[in-house]
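Have a look at the structure below, then the notes.
The values are calculated or read from the model by the stated rules, or taken from the named source; none is laboratory data. Source: prediction; values computed, not measured. Please note: Cβ atoms are built from the backbone with ideal geometry, for glycine as well, and neighbour counts cover all protein chains shown.
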Amino acid sequence: MDIEKKLEDGRLTLAVVGRLDTNTSPELEAEVKLDGVNEVVFDFSRLEYISSAGLRILLSVQKAMAACGGTMSVAHPNASVRSVFEITGCSDVFNIA
């Protein structure tokens, strides 16, 4: 998995490439630093797969952002990643664009 990180004007964008699973989720978790951040965008346009370990990170970030009045969104998930969100009910929790 590769992560492209960009912080600009309080907006943290994390473009995740490859697979987000039990083996790679600690790497993403280490990249998520929310100091001074009021918006987090996960760009999943090149994400191939997400497991429950990846969903746990998203839920954690969603909770942290809600607590400080910020927002979190998931951008451009492919059909297979989107189906994981739908099956798990996360499509009702996350702002998915």
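Here is how the numbers come out for the structure above:
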quantity	calculated
Residue within the stretch 75-88 that is in contact with a strand residue (DSSP E or B) (Cβ under 9 Å, 6 or more places away or on another chain), charged (D, E, K, R) and modelled with pLDDT of 95 or more present	yes
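Table: residues versus (1) assigned to a helix (DSSP H, G or I); (2) surrounded by 14 or more Cβ atoms within 10 Å (Cβ to Cβ); (3) in contact (Cβ under 8 Å) with a residue 12 or more places away in the chain.
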residue	(1), (2), (3)
L12	no, yes, yes
P26	yes, no, no
A30	yes, no, no
V37	no, yes, yes
S45	no, no, yes
I57	yes, yes, yes
Q62	yes, yes, yes
P77	no, yes, yes
S80	yes, no, yes
